[in-house]
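Beneath this line is the structure, given in structure tokens, with notes to follow.
The values are calculated or read from the model by the stated rules, or taken from the named source; none is laboratory data. This one's a predicted model, so the numbers in the text were calculated from it and none came from an experiment. With ideal geometry, Cβ positions are generated from the backbone for all residues, glycine too; neighbour counts draw on all protein chains shown.
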């Protein structure tokens, strides 16, 4: 399988993180991967380009979330289904304050 970038282990680590959690924000990816905003966005975009991750905009004025695709879950060797996502699963930031 074609990989997102030069660092296959980081691609797999990213897709595995997203896949295990179901849905995550970019900020959660940054914290988990110990990477900055630019590096995180680049790796996410590369994984999205080859179909390992997808971005979902569920709520207006709220951050988008990421989830692993079926191909991504297979790539990360996770025996999990693609996460079912509804707007009710994503808490608005205002509710967290």
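Below, the figures for the structure above:
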read-out: Some residue of region 62-76 being in a loop (DSSP other than H, G, I, E, B), more than 12 Å from the chain's Cα centre (by Cα), without any contact (Cβ under 8 Å) to a residue 60 or more places away in the chain and surrounded by fewer than 20 Cβ atoms within 10 Å (Cβ to Cβ); value: yes
read-out: Residue within region 49-57 that is at pLDDT 95 or above, surrounded by 14 or more Cβ atoms within 10 Å (Cβ to Cβ) and part of a helix (DSSP H, G or I) present; value: no
read-out: Checklist (1) under 19 Å from residue 84 (Cβ atoms); (2) surrounded by 15 or more Cβ atoms within 10 Å (Cβ to Cβ); (3) without any contact (Cβ under 8 Å) to a residue 12 or more places away in the chain applied to residue 30, failing item; value: (1)
